[in-house]
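Chemist: Here's a structure for you.
Readers should treat all values here as calculations from the given coordinates under stated rules, not as data from a laboratory. All of these numbers come straight from a predicted model, not from anything done at the bench. Cβ placement follows ideal geometry from the backbone for every residue including glycine, while neighbour counts extend to all protein chains displayed.
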Amino acid sequence: MRWKSNIPIVVSVVVGAVALGAAAVPMTNQPEFCAGCHTIAPSYESWVTSSHKDVTCVACHVRPGIEGWLQDKVLAGVRDSVQYVFGNPPDAHNLKATVDSGRCLSCHRSIVRVSEVAARDLPPPVNDVGLIMSHGKHMEAFRERGRGEGCTTCHSGVVHDRPIKGYATVIPRGHVAADDKPWYPDHPEGSSLRERALADCFRCHDGKTEYRGKLLDRRCDTCHISDKIADLL
């Protein structure tokens, strides 16, 4: 029968597609492949000097499982490639990417069980200002708010921004108006990355936002050990 004569062709096509995919997937998982796009190149350059330089792009930007792989890698990758080749890709300073908190917690799970309430528990440089907070409570609050917030709400620049104020690691900006080490990002005015870098705790602790019936006020000792910031009170 005619269809039987086509079986070798169909089998060859399927085998070829599988072989091509098997070769392409590992290649596209490499950060160097991502850096081939000039829009992504600055992100690659910041990544290779960051504390996460041994963590690949897909480890953070692609959620585990079939759904995550299809949505975050296949569909998003095809969309970005088409936009890059045929469309008008965004400027590198206006890139926006979502990193699911589950990816962060796959390595940093212990942080949500730690309440940093004593100076001895604080890693430098937050020990300098006596910053006290519970990551677990913040993650719980983010889930209740249901606005897609998570680890990168506060730590968005941990990989792709430079360390600030002379610190060895990238931490949230803090309040430079009351800081003896002022710092401002070098991203262009009006860019998404500059807006992100300038955001601080006051986005929620603004004296207006409520959580469980309580105002998130702007008092210094809400987040800091008073003895550490006595000169500022």
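Chemist: Return the residues of the stretch 179-198 that are of a type in the set (A, V, I, L, M, F, W, C), surrounded by 15 or more Cβ atoms within 10 Å (Cβ to Cβ) and in contact (Cβ under 8 Å) with a residue 24 or more places away in the chain; say none if nothing qualifies.
Modeler: Correct list: L193, A197.
Chemist: Moving on to the next point. Residues of the stretch 213-225 being free of Cβ contacts under 8 Å to residues at least 12 places away in the same chain and either touching a Pro at 6+ places or on another chain (Cβ under 9 Å) or surrounded by 10 or more Cβ atoms within 10 Å (Cβ to Cβ) (or both), which ones?
Modeler: Within the stretch 213-225, L215, R219 meet the criteria.
Chemist: Looking only at the stretch 133-141, decide whether some residue is surrounded by 17 or more Cβ atoms within 10 Å (Cβ to Cβ) and in a loop (DSSP other than H, G, I, E, B).
Modeler: Checking the stretch 133-141: not a single residue is surrounded by 17 or more Cβ atoms within 10 Å (Cβ to Cβ) and in a loop (DSSP other than H, G, I, E, B).
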